[in-house]
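Read the structure below first, then the notes.
The values are calculated or read from the model by the stated rules, or taken from the named source; none is laboratory data. Note that the structure is predicted; figures quoted are calculated from it, not measured. Ideal geometry is used to build each Cβ from the backbone, glycine not excepted, and the neighbour counts take in all protein chains shown. Remember, those area values only see protein heavy atoms, side chains included, never the ligands or the DNA or RNA. Shrake-Rupley method; radii C 1.70, N 1.55, O 1.52, S 1.80 Å.
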Amino acid sequence: MEKPESLAEFYSRKFDWVPDALRSGLGHFNVFRLEPFLGEKPQPVPYKRRDYYKIMLVTGQSRVHYADQVIGVQHKALSFSSPLIPYKWEHLDQAPGGFFCIFDEHFYHPYGDPGRYAVFQPGGAHIFELTDAQAEQVAAVFGRMAAELESDYIHKYDVLRNLVSELLHFGMKMQPSARLEQHPAHAAQRISALFLELLERQFPIDDTHAGIRLRTASDFAAQLHIHVNHLNRVVKEALQKTTSQIIAGRILQEAKILLRHSRWNVSEIAFALGFREAAHFSHFFRRHTGLSPAKFRAEG
């Protein structure tokens, strides 16, 4: 008698197709098998990673780099990443597998801000090792997502949001018993590292309509869920510069790159760098360089 296939095997077959993203003011949502984006000839990963929230089920041995943390995955894991938490997967197995879904804040908006959940916050736990039974449960949720996307049900977007919430709460319930190899750093160093990573994730600027989202110490403190005075103190302690000096320095560096190597006019560059008025950008640039943006470009 043939052994019945597991849920994971069933959904591995089911996920051979890739549905279109949901649009028309509903935000974006999609779900994929992981395998086509790994291996010797991987397909390009859809969508810019920094623009989306992602929930992923990964099978196989891996190592995940979150800012200054390294987390080892031995078997199967559920992971959560947000647009402003940098991470990098290092797959140690030859044939890892799994599924992932992506969505933006507009898709989840009727349910509130997804960033408020601990699994999407910089200081929270983001990766959870799973037993075989737990992995089957998670694979089943991804399968229901795939089935819902294929349906013509008029309220399927609400169902999909419910399924995303199911995975969020599945992960958060595991937090007290997460059994992962973590390498914590000194608290001040860790916060400083996250601050620098969040800053750097906004660059390079490749679209005049993108604009950087975090420009002040308060912006970064809110994203890191700490008081701005605490952020300023630990950054100064670890980096020997103020938070504002580091932010201004990185914006100035990008401004010089755009002035020298792009065809955008000064107003477009100012907008992309988060300045409401070109005059504000010109004042900022002149204060730090002694030159106007136009003169700097002309001398380059």
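The set of residues in segment 111-129 that are in contact with a helix residue (DSSP H, G or I) (Cβ under 7 Å, 6 or more places away or on another chain) and either buried (at least 22 other Cβ atoms within 10 Å of the Cβ) or assigned to a helix (DSSP H, G or I) (or both) comprises Y111, P114, A118, V119, F120, P122, H126, F128. Could you list, in sequence order, all residues of segment 130-140 that are surrounded by fewer than 20 Cβ atoms within 10 Å (Cβ to Cβ) and part of a helix (DSSP H, G or I)? Result: D132, A133, Q134, E136, Q137, A140.
Of the helices (runs of 4 or more DSSP H) lying entirely inside segment 142-249, those containing at least 3 residues that are modelled with pLDDT under 85 are 187-200.
Looking across segment 270-291 at every residue that is outside any helix (DSSP H, G or I) and either open to solvent by 30 Å² or more (accessible area, probe 1.4 Å) or among the basic types (K, R) (or both), the one that is modelled with the lowest pLDDT is identified as R276. Every listed requirement among (1) touching a Pro at 6+ places or on another chain (Cβ under 9 Å); (2) under 19 Å from Q202 (Cα atoms) is met by A278 save one, (2). Does at least one position in segment 144-166 carry a residue that is open to solvent by 10 Å² or more (accessible area, probe 1.4 Å), of a type in the set (D, E, K, R) and under 16 Å from Y52 (Cβ atoms)? Yes; the residues of segment 144-166 include at least one that is open to solvent by 10 Å² or more (accessible area, probe 1.4 Å), of a type in the set (D, E, K, R) and under 16 Å from Y52 (Cβ atoms).
Of the residues making up segment 204-254, those that are farther than 19 Å from F285 by Cβ, open to solvent by less than 40 Å² (accessible area, probe 1.4 Å) and in contact (Cβ under 8 Å) with a residue 60 or more places away in the chain are L214, L224. Among the residues of segment 60-98, which ones are at pLDDT 80 or above and in contact with a Lys or Arg (Cβ under 6 Å, 6 or more places away or on another chain)? Once the filter is applied, which keeps residues that are at pLDDT 80 or above and in contact with a Lys or Arg (Cβ under 6 Å, 6 or more places away or on another chain), segment 60-98 yields only S81. Could you please let me know if S267 is among the polar types (S, T, N, Q) and either open to solvent by 40 Å² or more (accessible area, probe 1.4 Å) or touching a strand residue (DSSP E or B) at 6+ places or on another chain (Cβ under 9 Å) (or both)? Yes; evaluated as a whole, the condition is true for this residue.
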